[in-house]
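Chemist: Here it is: the structure, laid out below.
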Amino acid sequence: MSDEVWYRYEDVAYAVLSNGQDDRWHSRLEVELRTYPVLRRTPKGVWLDIDPCDPFGRFDEPTRRFVLTNARRRFACPTLEEAKASFIARKRAQIRIYEARAARAWQAIAKLDWIAFEALNAKASAVRRMLRPC
């Protein structure tokens, strides 16, 4: 194993108790830098040693991860600057995805409101026709 490490920034939300007098909780967002030691370098990429332990002590994930050095999107990056750029790109993509989901939700609400409006309009027209003198 070499002394080389690769980097990845991740955003992590922590639950925090507001104060000691009431039971109000909120979350605190932190951006953390993860470092991954390089296990082996190949002509196409690197094998990184990732932490396999979750908080419950299970070993569900593999302990190694292969990262292509010339890939457009990488799990981790060889420099801090590239890791920062990668993090910003991931967060911008996340924003685009959630904005599209929110727009679709607003469209669904508007469509439901329009359907309800049309149904109400149809009922009103039917009532007007019934009340119209012959």
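Chemist: Extending each Cα 7 Å along its Cβ direction at LYS44 and LEU68, get the distance between those two points in nm, one decimal.
Modeler: For the pair LYS44/LEU68, the computed spacing is 0.8 nm.
Chemist: Let me ask something else. Work out from phi, with θ = phi - 60° and the Karplus expression 6.51 cos²θ - 1.76 cosθ + 1.60, the ³J(HN,Hα) of each residue of the range 4-17, listed in order in whole Hz, and give x for Gly and Pro.
Modeler: 6, 10, 10, 10, 8, 8, 9, 8, 10, 9, 10, 7, 10, 6
Chemist: Between ALA89 and ASP23, what's the calculated FRET efficiency when r is the beta-carbon distance and R0 is 35 Å? Round to 0.05.
Modeler: Efficiency for this residue pair is about 0.35.
Chemist: While we're here: Nothing charged except the Cβ atoms of Lys and Arg (+1) and of Asp and Glu (-1): what's the magnitude of the dipole of the range 5-101 about its Cα centre? Round to the nearest 20 debye.
Modeler: Roughly 720 debye, rounded to the nearest 20.
Chemist: Continuing with this model, one more query. With θ set to phi - 60° and the Karplus curve 6.51 cos²θ - 1.76 cosθ + 1.60, what are the ³J(HN,Hα) couplings of the range 93-102 in order, to the nearest whole Hz, using x for Gly and Pro?
Modeler: 5, 4, 4, 4, 5, 6, 5, 5, 5, 5
Chemist: If R₀ is 30 angstrom, what is the calculated FRET efficiency for the pair ALA102 and SER125, using the beta carbon separation as r and rounding to 0.05?
Modeler: Efficiency, from the Cβ-Cβ distance: 0.30.
Laboratory data are not the source of any read-out in this text; all were calculated from the coordinates shown. This structure is a prediction, so every number in the text was calculated from the model and none was measured. Here the Cβ is made from the backbone with ideal geometry for all residues, glycine too, and neighbour counts use every protein chain on show.
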